[in-house]
1. Just want the ordering: PHE154, PHE106, from fewest to most Cβ atoms lying within 10 Å of their own Cβ.
2. Based on other C-beta atoms within 10 Å, arrange ARG177, ARG256, ARG104 from fewest to most.
3. Packing-wise, with mean Cβ within 10 Å as the measure, how do 350-359, 65-74 rank, highest first?
4. Take the alpha-carbon centre of the range 294-360, take the same for the range 275-293, and report the distance between them in whole Å.
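A short reminder: the numbers here are calculations on the coordinates, not readings from a lab. Note that the structure is predicted; figures quoted are calculated from it, not measured. Positions of Cβ are generated from backbone atoms using ideal geometry, with glycine treated the same way; all protein chains shown enter the neighbour counts.
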Amino acid sequence: MSCRKNYRDLADVERNRFVQALYHLKSTGVVDQLANEHATFFHMGIHWISIGEGVAFAHGILDPVTGYDVKAMVVLTDGEENHGPHTRRYIADVADLITSLNGRVFAIGLGRAEVLNASALQALCNGNNGYMQMTGDLTPDATYRLAKYYQQIFAGVTNNEIVLDSEGFIGPGQEHRIPFWLNEADFTAKAIILAPVPYAIRYVLETPTGDIIDPAVAGAHPVASFEVNGQVSLYRVGLPIPLGTNNAHAGRWYARFQIDEKIYKRYLASLDNNPTLYATAAAHGIRYSFNMHAYSNLRMRARLAQTSNEPGATITVRAVLTEYGVPVAARATCRADLTRPDNTGATLAMAEVEPGVFEAMTSTLFAGVYRFRIVAEGRTLRGRPFTREQTLTAAVWKGGDNPPPSSKDDPNARGDRFCRLINCLLRQKSIQEALRKAEISVDELRRCLEEYCRKPSPGQPFVTRPTFYDRLRVIIRDDQVLETVMREIEREKE
């Protein structure tokens, strides 16, 4: 996974939000997990948080890559089409590049619907076998939401199914025994824990016959493995897996967790400078997210559609269940657990409108991100239980149906061409030499050019940069100390 960053033209809030998100993905091990898989190649493009430029940059890396069954592009962005000093390519300008990739394109929007230009992300994914996810506010209860979105995308690209997605806290003296079903159509299984200190959780798998797979068993077994990396620990298991006289495959499995109290105490001691996190961990234990994925011939493909991006739109969620390519007809049920922007919830029963096809509709009363957790339960052709899950998001906001901008709508396009021309000339050695002879600073001239050329994109308000005084005020709270520092600075200038 590659990431290109240039933050100089970003507001502090935007920059911090991206830095925190990227750091979280790295610390959870999700980036390493994706990079180490061999079925696909991912690129995340962030360039001035300009979607068009990021897509073009990612395409340049992905296009020449060969030797992979699937190529996919994942774009993490706030959705706004803002740009560098004088580079303005929009989604419409790079549509041909997206199509020529001949892969899958996914987008993850970081933030709330009212500041997230979701229509641009929809334009990015539509027609390219991908979909868009939105985080909404990354509150403490959404600690692993971004990482799980990446895991879900990765599972879909590699034909893995989400069997179970569960979250919770575990404290000292407790044992969590989480059941999940595997079936005869599942060929491999991947059991993943996300936790701030996964090595503090004693984690084993229990088979339907009661055999235990722990790190030692997995490490010595030819069709199993156990890995710990960053904030991730996971088992990979080939199915069926021989254990003694038993072959573990279809049936009810368990993921079993217990806390190592010595490591837990050291973890608490490391949180002395984070009283909020310390209070949560001391009261509830370690937060974890457990995901069970299976490479399988029993598949669920879920999508959503909405009549508008404005409040009042109708959202339709649709799930298609197949087993070996045949519809799972009249032997499954499906529901959508809905979380609205105000954190109220509802369960939508999804009717089987066609064999193996389930649908439900809901209306949007107000602006924000609507999150749907789609859960299917049923029986295989041999009568074995199965479950499948997938999370989808939709968003509505005032002005949501306004078309995303393109370079044709950009009133600054002519000025941008001028800026590119001057910038190109300033890189010429002969011109730099002539300016120096005239005692004109090339660096100062370039800074003036950048100030002139730096403009907001169409439809975006101009954001006034904070002054040096304002930036100091964020750091120095005491007014008297701040005034003293400013006087010293002015004296040094004189």
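1. On the way: PHE154 21, PHE106 27.
Final ranking by Cβ density, sparse to dense: PHE154, PHE106.
2. Values: ARG177 10, ARG256 15, ARG104 19.
Taking fewest neighbouring Cβ atoms as first place, the list is ARG177, ARG256, ARG104.
3. Values: 350-359: 17.0, 65-74: 15.4.
So the peptides 350-359, 65-74, ranked by packing, come out 350-359, 65-74.
4. Between the Cα centres of the range 294-360 and the range 275-293 lies a distance of 30 Å.
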